[in-house]
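The values are calculated or read from the model by the stated rules, or taken from the named source; none is laboratory data. Only a predicted model underlies this, so the values are computations on that prediction, with no experimental measurement involved. No Cβ is skipped: glycine too gets one built from the backbone with ideal geometry, and neighbour counts run over all protein chains shown. What goes into the accessible areas is simple: the full protein's heavy atoms, side chains included, and nothing from ligands, DNA or RNA. Shrake-Rupley method; radii C 1.70, N 1.55, O 1.52, S 1.80 Å.
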Amino acid sequence: MSDNEVTLTIDGKSVTVPKGTKVVDAAREVDVDIPVFCYHEKIGALGCCRMCLVEVEKMPKLMTACTMDVMPDMVVKTTTDKVEKAQKGVLEFTLLNHPLDCPVCDKGGECPLQDNTFKYGPPDTRMEFHRANNAKATPLSPVITIDRERCIACQRCTAYSERIEQDQGLVMLNRGFYNEVGTFNNEPYNNRFSGNVIDICPVGALTNTDFRFKARTWDLTNTETLCAHCGCNCNITMGTRLNELMRIEARPNDAVDDGWICDKGRWGHQFVHSKNKIITARENSVGGGKPTSFPVFPHDCTIQDAAGKVAEAFKKIAEEHGPESVGFIGSPYTTNEENYLYQKLFRQSLGSNNIDHKSYQDTPGLPVDHYGVEQIETANVVLLIASDPTEELPVLDLRIKKAVTNCGTRLVSLNDQTIALDKYSSQSVQYRVGSEALAIDALANGLARELGEPAPAKDAGQTGISAEDMNTLVETVRSSMKICVVYNPSALSGDAVSRVKRLLKLIAKVPTMECGAIPAAPMTNAVGAMDMGLLPDFYPGGVPVTNQDEIKKQWGENAPTTKGLSALEMIARAEAGELKALLVHRSNPVIDFPGGSRVADALRKLDLLVVHDMLETETTELAHLVLPSNGPGYDEGTTTNIGGRVQARKKALETAQAPDWKIINLMLNALGDETDYQKVLDVTDEIAQKVPGYQEISRKSLGKAGCDRAPVTSVDETVAEQSAGSGKNGNLRLRVATSLFSHDKILDASSRLAHHFLPSTAHLNEKDAKKLGIRDGDTVLLSAQDVTLEATASVNNRCQSGGVVVPRASDWQGVNGLTGADGGPTWVEVRKV
Amino acid sequence: MTQILFKNINMKDLHTMKVYEEQGGYQALKKAFAQKPEEIVEAVKASGLRGRGGAGFPTGLKWSFLAKDVFPRYLCCNADESEPGTCKDRELMLKNPHSLIEGMILCSYACRVEIGYIYMRGEFHDLIFNMGKAIEDAYAKGYLGKNIQGTGFNLDIYTHLGAGAYICGEESALLNSLEGERGEPRMKPPFPAVEGLYAKPTVINNVETLCVIPYIVNEGAEKYASMGTEKSKGTKLVSVSGHVKKPGNYEVVLGTPIREIIYDLAGGIRDDNNLKAFIPGGSSVPMLPADQVDVLYDYESLAAAGTMLGSGAMIVIDDTVNIVESTLRLISFYMHESCGKCTPCREGTRWLYQIVEKIMQNKGQLDYIEKMEDICDNMNMKAFCPLADACVSPVVSSIKYFRSDYEAYFKNTPVGSV
Ligand SMILES: Cc1cc2nc3c(=O)[nH]c(=O)nc-3n(C[C@H](O)[C@H](O)[C@H](O)COP(=O)(O)O)c2cc1C
Ligand code: SF4
Ligand code: SF4
Ligand code: SF4
Ligand code: FES
């Protein structure tokens, strides 16, 4: 037993636990149940409800097991007469004014108050007065309704609001018998993590407005699955009834979500029953597009026919025009299995490396450890680069706040915009929009000089960061001992991401440094998509296309070993008429890719555009052939989160439609590959065999909580010299920011979260605004490429002078269209209307 | 009679700097500054002074518990004086504010504190100006501020007005309130001496406690300790209220018989009625019946009699009173003041109120008394803070000593009827 452990006795059982453990948690270790209401291990002790009273030898009065730290040789008793009387007493008080409307209560069947009463409560009540009446249904927000009559004032929810989401949105109002849960000035409780209070409320007081009275809990079929909205991959339970999705709850996994989910995860699920869902294969009579000579789904064609036709058509074009004439744009949102199979199809069966899934640069693997998100709690320093977790990866925001407030972690950031987490950082260094490569190099050079590594004497270019600030940042990084670098590759223009990797290598050279990184792209399976080789230059597992030996061994003699086209290059080649056929899986380049209307025009020029998607989009409209994709809720497979954790997504809803992996399997079969996967796990097993890093992944190792994949090979990249950047053709540089509640195909107009939708806004620096004669609230026009976008100006110094930040508010806003097709920094012309 | 705090309490203009200094005010500072801070703490320990706010915790010991080498540290003077019946701190601050300031300077020097707060109950909105003026004068004289009397010791004192909640007299709720948080008690541990105001080591003392310090420094711990009983040293202000001829604050040496306080100092029972009961230490402590009037007024004797010295407020009840009515009034106070944080207190106080109210409407049932006792048992020592226990005190003690007052209500009530 180490100094950090304590041994005590609970109900005669000896237990050894770490110092600082609460008695109530120690009891759990030896299967002693101490009932609680207010205590929640992630929120910490409150001492409100008094349900957990126990007897402790040598202490004159009963103690609350939830507030008391274990002490050596403590003797705890939980079943004495004194304790039992106290438990009955507390429950009698708790139930005194409780309405006991269990028959209509959402919590019924999974209610701690019911359970504790059943187990520990008095048989009867001695309450002879009318129970207090209170409001039965008060909306706290469009998605949460409080039944104040049922509230037992345990304060879990308000403590959650204070300690976890940390903005005190929900507070106790009034005092004594009249205290109640509410908000300051009756404002809506609109925090992006608000829904967790529904899960933790020990009674049916905080209810999910969407789920209220819809189903009894015991009639639900609960599926343990994953959220598919962002790269956190939070664990959730989907409750369904009669094949309809009823509600989503958090399913705690410390290594991933720490027990919480965000409101997008909880309520952003309307799309599963959307009218826009694609449920059959179909042929479009293409409006304005180039008519295709390719065959075409017969009326009422089966999915087998459709898959076969698509595969044959691609084969034919590849044979006629060469494999470079076909391409695949996949998705960072789909499962590893689907991605793996698609790249296999294009590489093995069609001989093409024209494979990609994104419009920014990135490469698989890291030159340092790939940290899981829980490492943030033990890091001394977390360095954010171009990352805004609050909007991009909400549950990561909670983890960082926890680390900073409870674990002594220091947060520093290198960013081009102010972010919500700045409040928690000891230093927020801001570079000018578009100068990320310079800023990252400046940090790396500073470090290199400290370490005596080669570095230019002077940093190039203008980042707007003072030498002093940069020195402080260098020093913080250098002296951090254990650092976790969190960077968002999708917010880095040009080749800045390779500069991040060079920086990581340098940090790792600091003596005794523990250095790890989290590639924090917002998309659900961004890490997995790269690991699965949805890249023009890498096979699965980070194997470069140039590694001929390895590739021939794994993928056969015909596997292509020259670099293919990136997604942006494919669009450019389509525009030039050189790319003939494109298959797009679960991606909407028309809206999401840079280049404005050029993208749609390019796609129209294709001989064959096949789109395999779950919802109708601007891109499916242009497709010659459309294949149905099942998507989250219906699909199965694994995804890899930002921390490199592979977990199983399960299907909660049944559909008659074949799963995506099956459709791809049919295409493979049509082109001569004989593998016949019976179930998705057969694909997972093949990934384990063929993808370096995934060897340990199996049905068994995935279990309930998932499994970290081993590091994926990372290649040494040469970083190009800084280029001067493309010529100036506008007055400000554009930064498109992610916003969590963007009004798009997933969160459509019928979404429960529509109240979070933001108007189109352009955030300007005061200096620029003054120069341009723009005032806060003015309507402005932003133009670049051939796109013009209207927005309301917000003059707030979110970025340095010379830049403009536009959060992606909706699909129709079209802000991605403003960005340059080369993926580099973008100039826009901003003017007042 | 030995008078320390009230020696010249009614002297004209004692509240002014001039008169206070003429009376030897602020002389203790010189003496103190000549000593090491630890020596003052030792002296206060040796004096046997116990906290006068209610709990009676040894003051010197409390000071010595401050987390070592953690700064800044704070001193909070508890001037919430919210315990029903208590009005001694008010008189001290009104008539002799400088003695509190001097006490706070001494405490701060001893505890290496550089910021002190005086947390005053909301109803002291006039008194706060009085106190503020005295603080201003102390700054002008160089007793407060930077480098006090050339010693290098700094101290700033601020006053703060509460918003009218009894619970904010409880030390940790006081800290919450001072920080602008909801007025609810905090979990202990950590104790304020380790993590108090703004999570820094904090001393919290009652006004009266702090006002005693100049005397101890001037006259020596031994002299203070020579007064009173073996474990209850010194003098105590007693606020006598209720059915006496001369209600008011009196300073008595601890160990004085209660009879002397009620009959000599306070002039006896009004209209020469008979004494029925008295609550010796503020409304939160159990009442005693008249036949216990010879109990000595000190911590141990009162504890032996099953009650407490508390804040030193003697509430005297004569035989015209129906104890059930007084009990209802007391419960109603605690019901109103319960902060609502914990279940037994929030629900229990209200339930007790409902029951006693019903009894008084002659609608009670015979088993109500038993039920009340059981509810009290379920509340007692099971709540988050002592407020729930405080509500239990009058209920249990009134039933214990005046059961017949309750039973009178049931005379015409057949068993089992409502
Ligand atoms: C419900 C409650 C109310 C209290 N009210 C007061 C008060 O008004 N004034 C006071 O000095 N102490 C009050 N106390 C006691 C304080 O918590 C604390 O013990 C005291 O201020 C410490 O100072 P002392 O050691 O000088 O007595 C109260 C305690 C409780 C539990
Ligand atoms: S609403 Fe629920 S979680 Fe919040 S205080 Fe009431 S019972 Fe507790
Ligand atoms: S943080 Fe991301 S994965 Fe987690 S619930 Fe929210 S959207 Fe889903
Ligand atoms: S006993 Fe509980 S409800 Fe009552 S005042 Fe103390 S903390 Fe508040
Ligand atoms: S669970 Fe311990 S007091 Fe509520």
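Quick notes on this structure:
- Heavy atoms of chains B and A lose about 3000 Å² of accessible surface on contact, summed over both sides with a 1.4 Å probe.
- Among the listed pairs A:K728/A:K771; B:K30/B:K200; A:K77/B:K200; A:K42/B:K200, those beyond 23 Å (Cα-Cα): B:K30/B:K200; A:K77/B:K200; A:K42/B:K200
- Most mobile of B:P289, B:P190, B:P386 in a GNM of chain B (Cα contacts under 10 Å): B:P190
- 10 Å Cβ neighbours from other chains, averaged over peptide A:85-98: 5
- 32 Å Cα-Cα threshold exceeded, pairs from A:K19/A:K119; A:K88/B:K62; A:K85/B:K88: A:K88/B:K62; A:K85/B:K88
- Rg and Dmax, both from the Cα atoms of the protein assembly as shown and both in Å, are 37.1, 121.
- Solvent exposure of segment A:183-241, expressed per residue, is 34 Å² of accessible area, with all protein chains present and a 1.4 angstrom probe.
- Spatially proximal aspartates and glutamates relative to A:K482 (Cα-Cα < 17 Å; intrachain offsets below 8 disregarded): A:D369, A:E374, A:E377, A:E514
- Residue-normalised accessible area of chain B, expressed per residue, 1.4 Å probe, Å²: 38
- When the pairs A:K316/A:K605; A:K344/A:K580; A:K704/A:K745; A:K309/A:K580; B:K236/B:K382 are compared against a 25 Å limit on Cα-Cα distance, A:K704/A:K745; B:K236/B:K382 fall above it.
- Note on the protein assembly as shown: with neighbouring protein chains present and a 1.4 Å probe, carbon and sulfur make up 50 percent of its accessible heavy-atom surface.
- Segment A:683-833, accessible area per residue, ligands and nucleic acids excluded (1.4 Å, Å²): 47
- Rounded to the nearest 5, the antiparallel percentage of DSSP beta bridges internal to chain A is 55%.
- Per-residue 3J(HN,Hα) values for segment A:262-279, derived from phi via the Karplus relation 6.51 cos²θ - 1.76 cosθ + 1.60 with θ = phi - 60°, read 9, 5, 5, x, 7, 10, x, 10, 4, 4, 5, 10, 5, 5, 7, 6, 8, 10 Hz in sequence order (x marks Gly and Pro).
- The phi torsions of segment A:790-800, fed into the Karplus equation with coefficients 6.51, -1.76 and 1.60 and a -60° offset, translate into couplings of 9, 8, 8, 6, 10, 9, 8, 6, 5, 10, 5 Hz, rounded to whole numbers, with Gly and Pro shown as x.
- About its Cα centre, chain B has a charge dipole of approximately 580 debye under the convention of +1 per Lys or Arg Cβ and -1 per Asp or Glu Cβ, with nothing else charged.
- Proximal aspartates and glutamates relative to A:K82, as straight alpha-carbon distance under 17 Å, when same-chain residues fewer than 8 apart are discounted: A:D11, A:D33, A:E55, A:E57, A:E92, B:E373, B:D374, B:D377
- For segment B:17-225, the square roots of the Cα gyration tensor eigenvalues, ordered a ≥ b ≥ c, give a/c below 1.5, which places it in the rounded category.
- Cα gyration tensor category, rounded, prolate or oblate, for segment A:85-136 with a/c compared to 1.5: oblate
- Here the dipole of the protein assembly as shown is about 1520 debye; that uses its Cα centre as origin and unit charges on the Cβ of Lys and Arg (positive) and Asp and Glu (negative).
- Farthest toward positive dipole pole in segment A:758-799 [+1 Lys/Arg, -1 Asp/Glu at C-beta], among A:H763, A:A791, A:V780: A:H763
- Taking the C-alpha atoms only, the angle from helix B:127-140 to the longest principal axis of chain B is near 10 degrees.
- What the Cβ-Cβ distance of B:A55 and A:Q427 gives, at R0 = 56 Å and to the nearest 0.05, is a FRET efficiency of 0.80.
- The residues of segment B:144-193 listed by number as losing at least 40 Å² of accessible area in the complex, against the isolated chain and with a 1.4 Å probe, are B:R182, B:M187.
- Unit charges at the beta carbon, dipole of the protein assembly as shown: most positive-side option, A:Q427, B:N78, A:F129: B:N78
- Residues losing 10 Å² or more accessible surface upon assembly, segment A:43-59, compared with the chain by itself, 1.4 Å: A:A45, A:L46, A:G47, A:C48, A:C49, A:R50, A:L53
- Residues of segment B:325-356 buried by at least 30 Å² of accessible area upon assembly of all protein chains, compared with the chain on its own (1.4 Å probe): B:K341, B:T343, B:P344, B:R346, B:E347, B:R350, B:W351, B:Q354.
- Calculated [222 nm] ellipticity per residue, helices only, for the protein assembly as shown: -9000 deg cm²/dmol; basis is -39500 (n - 2.57) per DSSP H run with n ≥ 4, divided by all residues, nearest 500.
- A dipole drawn for chain A from +1 and -1 charges on Cβ atoms has a positive end, and of A:C111, A:V806, A:L350 the residue lying farthest that way is A:C111.
- Sequence-ordered 3J(HN,Hα) estimates for segment A:21-36 from the Karplus curve with 6.51, -1.76 and 1.60 and θ = phi - 60° stand at 5, 7, 4, 4, 6, 4, 4, 4, 4, 10, 6, 9, 8, 9, x, 9 Hz, glycine and proline given as x.
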